[in-house]
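Beneath this line is the structure, given in structure tokens, with notes to follow.
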Amino acid sequence: MERDMRGRGNPWTPSGLIGQFSLSNNVSSPTLDKETEDAATDNDRSDSGEFVVTMLAKAKLEEQGIGVKGRSSPLLEVGTQETPAFISHRDEDVTAESWRQHRKHVFVLSEAGKPIYSRYGSEEALSSTMGVMMALVSFVQSGDNIIRSEHIVVFLQKGPLVLVCVSSSRQTEQQLRGELLYVYYQIISMLTQASISRIFEHKKNYDLRRLLAGSEKILDGLLNLLDSDPSFLLAAVHCLPLACSLRDSLSQILQKAITPNLVFSILIARNQLLTIVQEKTVIEDARLEPADVHLLLNLIGASSAFQAGEIWTPICLPLFNPDCYFYAYISYLDPPECTVCLLLLSTDKEAFYAVAECKRKIEEAMMAQNSLSLIAKVQSYSVSQVGVSDLRHFMYKPFDVTGCFITYSKMEAPYSSEEEKMRLLDLYRYMHNRIHSTSRPLKLIYHVAERETLLAWVTSKFELYTCFSPLVTKACAITAITKLLRWIKKEEDRMNSLKLVLFPYLS
Amino acid sequence: MTTVILLMASGMQEKQYTPSLLNFFVYNPTFGQKEGEEEKKILFYHPSDVEKNEKIRNVGLCEAIVQFTRTFCPTKPAKSLHTQKNRQFFFEPEDNFWIVMVVRNPMIEKPNKDGKPPTVEYQEEEIIDTVYGAVVKQCYSMYKLFNGTFGRQMEAGGVELLIQKLEKFFYRYLQTLHLQSCDLLDVFGGISFFPLDKMTYLKIQSFVNRVEESLSLIKYTAFLYNDQLIWSGLEQDDMRILYKYLTTSLFPRHSEPELAGRDSPLRPEVAGNLLHYGRFLTGPTNLKDPEAKFRFPKIFVSTEDGYEELHLIVYKVRNSKCDRPSSVELTRDFCEQLDGLVGPQLTLLASDICEQFTVNRRISGPEKEPQFKFIYFNHMNLAEKSTIHMRKTASVCLTSVHPDLMKILGDINCDFARVDEDEEIIVKAMTDYWVVGKKSDQRELYVILNQKNANLIEVNEEVKRLCATQFNNIFFLD
């Protein structure tokens, strides 16, 4: 059955969006009509499979001085669909006190000093500051450099890109460097490392913004997540706590919906992982790194335009393989709420229709099992479930062979405001840094402060961060931890049942 | 000077290099702003045999970094620059005068087989910013003690005089820096006090009053026993740096001959006064010789509206020392007068104090293995006490705990500095040592416990016991 991606009246495809990168390839549909074809821009002929080639070809053409209307990744086009609520920081006045007061600035520039991205303020306005940054980088010895003042300035050079962070958040240089690395990987996820290297090899002062137009929202979203989401700090993925049976049934549904070259099937709800299913023969034992999952989650969550229907787009998983693309089918299963998202990754650029067919099968099976309403009922953990009075919040990460998953409770009173959430996370970040110091690591930190008491503990089996009221006694804290760990063990059927499920062999 | 320690591990010899001083310079970016005159900005540069252009480049880099950080925070510019191989510290003690110290990171050199050059691993995390930042500030304070502020020098004799003074002071002072043994105590810059009973303390006070009354030239007095302070009339900040000078430079220089023993050729001819055991540590070493020239070092202490220049007279009776900053020219007559007045009285006092010292010793236990390993510091009176540091001499300061534990103390101190409130931090290190840090009001206490199988509650009890014996009148968080 053929699917007309640009079909009018099809609830999954809004008019303008998918049409722009239509997937009319060798599977020609007789219902394609001339007028839609004409209405498309000159790139519409290129299906997503050729998209990659087209983009690189454009890069080459531009180098030769031929003015070709550059078109960047459709992923980024999606990003330009701005919702009215989106506040742009692009036009901020960089000389104002308010600009200086931002907690964390991030800048990306090329080796030649060409600006690529700035979190606050436009790149043009900051060109002189960026020039100074480049001078500093080249002046000081090669390698990564940090300047400490009231702010910390961290420089990171990866290939032809230079990333700079100026932060008053009191994070350590290692943590900030890790965040810059995430920004680098997000850029790679859109362009691949190989093409970036190639582009800059040919033209040192290429303006990468041409290819990244529209990506600011994605990078902004990533930086916001880095600030507010604990799973980045612990380098693990947060899963929605599902009952074993529900997770198993969802995994089975995904397992059965297969097609050649489909390698990953991922189900996400409310920006948290439900399950991942991985093809065994192609990938063998390689796993998806938590960082890759984070980047995927950010891409999907950063823009509401994905909610519009089905998307077929090239995507690079930088930690898995930084030099090549997968082809991702992205679709929300529950419009218009759009909380449950299905992500199918294939290595075959022509496979759109086959993959879309998988989605249909999955949808059907989930409808039969009423999965969507079951998922909607699942709640994140709350500390009150643990039954310990002084405990305010916890984060738990088991050291498990099958995956890197983290569990944490919701941030509730007194950490309800954004400020307080950030403050608590900052405290966790400082403890994480001390415990994992490369030269003098620790096993345990117990910190009594004015507003809370914190305990961080690392053993060979797990890593645990807890927050208590400031008046808790040491004896109470110890009892609370014991109780918490026992409760976690009981809940393990929910928390640790998330294993990577491998596809059955095809006969 | 670099210390090289050889570690033998399974047949391969690793060489461990401790942190060392690479550069130290003083500059003012407002001098020589015209093209081609950049060299005028540099007021002092060590090592001096570096090529002129390289000096200009390094100073230029510092200027650029400071400017860059001012973009984000105009009032608090750069404090340090971390690179893989070294660390630079920036300090602006007076408007537009900058002191920069560059320290080479500690590193391990691992030999490679087949004649390949050894791989070098830099240990950036070993250097704690607060510790070495404090060392730079100390360098300035020491300079200021003996020369007054940069501004004052400029007024007195312009840039040329300043350059001269900087060269003279830092050339010698930098040689005394031992960067490999800097730690938390450098951050505190505290003074070790000698606990005395009320009677003896009052005797000393009245003695000091009498001396100051009879000899009007004396402006301030400080009284020390061994290396510990009993009484000081000086401003806290002045006393703190003077104390450091006395205990790390002046006293060790003079105590060595004494320790050398009677028959050693090092022992100088002490034509002593038979009535008492006193002698001058600064000034005339031999009062009997009318021809001998002498001088007292000049120091600058702060007053309400500026600075005053005084002579430092250090007079010693066995282990009691009295130093007296006093103004105006000091003549031989004055010295004899001082000797006659102070000597006998001080001798008597000294024996009283000595008794106290023995009593104290009996209470606190033998020094060899103190019951608790702790460091205590009070920000208000600068009192510091450490049972971890032993035998502080000019060249080395031994600690009885592993350097990594000292660095953990440094980390906890940094954490305390983040907020003003009272806090407590307990950590368990990988080696199963427990380190407890308590901050209460303006006091900090750090305790190291070697109790591998203890849990948090037991550790807490141990520390409470320590506080009960040594700090029973101070409230620490529980």
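The values are calculated or read from the model by the stated rules, or taken from the named source; none is laboratory data. Since this is a predicted model, take the numbers as computed values, not measurements. Ideal geometry is used to build each Cβ from the backbone, glycine not excepted, and the neighbour counts take in all protein chains shown.
Observations on the model:
- Flag if B:D432 is more than 19 Å from A:R434 (Cβ to Cβ), acidic (D, E) and either more than 9 Å from chain A (Cβ to nearest Cβ) or surrounded by fewer than 17 Cβ atoms within 10 Å (Cβ to Cβ) (or both): no
To keep it simple, each residue is scored yes or no on (1) away from every other protein chain (no Cβ under 14 Å); (2) modelled with pLDDT of 90 or more; (3) crowded, with 18+ Cβ neighbours inside 10 Å.
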| residue | (1), (2), (3) |
| --- | --- |
| B:F24 | yes, yes, yes |
| B:G36 | yes, no, no |
| B:F44 | yes, yes, yes |
| B:S48 | yes, no, no |
| B:V59 | no, yes, yes |
| B:T69 | no, no, yes |
| B:C73 | no, no, no |
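For every residue, the table says whether it meets (1) in contact with a His (Cβ under 7 Å, 6 or more places away or on another chain); (2) buried (at least 19 other Cβ atoms within 10 Å of the Cβ); (3) at pLDDT below 80.
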{"site": "B:D323", "(1), (2), (3)": "no, yes, yes"}
{"site": "B:F334", "(1), (2), (3)": "no, no, yes"}
{"site": "B:G340", "(1), (2), (3)": "no, no, yes"}
{"site": "B:E367", "(1), (2), (3)": "no, no, yes"}
{"site": "B:H402", "(1), (2), (3)": "no, no, no"}
{"site": "B:I408", "(1), (2), (3)": "no, yes, no"}
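- Hits in segment A:235-260 (condition: under 17 Å from A:H432 (Cβ atoms) and surrounded by fewer than 22 Cβ atoms within 10 Å (Cβ to Cβ)): A:A235
- Among the residues listed as A:Y430, A:Y465, A:Y446, the single one being among the aromatic types (F, W, Y), over 19 Å from A:D390 (Cα atoms) and either away from chain B (no Cβ under 14 Å) or buried (at least 19 other Cβ atoms within 10 Å of the Cβ) (or both): A:Y430
- Against the list (1) in a strand (DSSP E or B); (2) farther than 28 Å from A:K203 by Cα; (3) away from every other protein chain (no Cβ under 11 Å), the condition A:V166 fails is (3).
Quick grid of which residues meet (1) assigned to a strand (DSSP E or B); (2) among the β-branched types (V, I, T); (3) farther than 23 Å from A:G178 by Cβ; (4) away from chain B (no Cβ under 13 Å):
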residue	(1), (2), (3), (4)
A:F107	yes, no, no, no
A:I116	yes, yes, no, yes
A:S128	no, no, yes, no
A:M134	no, no, no, no
A:V137	no, yes, no, no
A:E150	no, no, no, no
A:F155	yes, no, no, no
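- Residue within segment A:260-279 that is β-branched (V, I, T), over 30 Å from A:K410 (Cα atoms) and in contact (Cβ under 8 Å) with a residue 40 or more places away in the chain present: yes
- Enumeration of residues in segment B:409-429 that are facing another protein chain (nearest Cβ under 8 Å) and hydrophobic (A, V, I, L, M, F, W, C): B:V419, B:I425, B:I426, B:V427, B:A429
- Top-ranked residue in segment B:442-456 [being of a type in the set (D, E, K, R) and in contact (Cβ under 8 Å) with a residue 60 or more places away in the chain; ranked as nearest to B:D415 (Cα to Cα)]: B:E444
- Which numbered condition A:R148 misses (of (1) modelled with pLDDT under 80; (2) in contact with a Gly (Cβ under 9 Å, 6 or more places away or on another chain)): (2)
- When A:S409, A:S380 are checked against the criterion of being surrounded by 15 or more Cβ atoms within 10 Å (Cβ to Cβ) and either touching a residue at least 60 places away in the same chain (Cβ under 8 Å) or in contact with a helix residue (DSSP H, G or I) (Cβ under 6 Å, 6 or more places away or on another chain) (or both), a single residue qualifies: A:S409.
- Out of B:Q164, B:Q180, B:Q153, one residue alone is assigned to a helix (DSSP H, G or I) and in contact with a helix residue (DSSP H, G or I) (Cβ under 6 Å, 6 or more places away or on another chain). It is B:Q153.
- B:K15 being within 31 Å of the chain's Cα centre (by Cα), surrounded by fewer than 20 Cβ atoms within 10 Å (Cβ to Cβ), away from chain A (no Cβ under 14 Å) and modelled with pLDDT under 90: yes
Each row is one residue, and each column tells you yes or no for (1) among the aromatic types (F, W, Y); (2) farther than 27 Å from A:E216 by Cα; (3) touching a strand residue (DSSP E or B) at 6+ places or on another chain (Cβ under 6 Å); (4) in the same structural domain as A:P398 (by TED's automatic domain parsing).
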position: A:A243; (1), (2), (3), (4): no, yes, no, no
position: A:D248; (1), (2), (3), (4): no, yes, no, no
position: A:Q252; (1), (2), (3), (4): no, yes, no, no
position: A:V263; (1), (2), (3), (4): no, yes, yes, no
position: A:L267; (1), (2), (3), (4): no, no, yes, no
position: A:R270; (1), (2), (3), (4): no, no, no, no
position: A:L274; (1), (2), (3), (4): no, yes, yes, no
position: A:K280; (1), (2), (3), (4): no, yes, yes, no
position: A:A308; (1), (2), (3), (4): no, no, no, no
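- Each residue in segment B:75-134 was checked for being of a type in the set (G, A, S) and surrounded by fewer than 18 Cβ atoms within 10 Å (Cβ to Cβ), and 1 pass.
- Residue pairs meeting the criteria (Cβ under 8 Å; at least 6 apart or on separate chains; first modelled with pLDDT under 70, in segment B:287-300; second in a loop (DSSP other than H, G, I, E, B)): B:L287/B:A271; B:L287/B:N273; B:K288/B:A271; B:D289/B:A271; B:A292/B:P284; B:A292/B:T285; B:A292/B:N286
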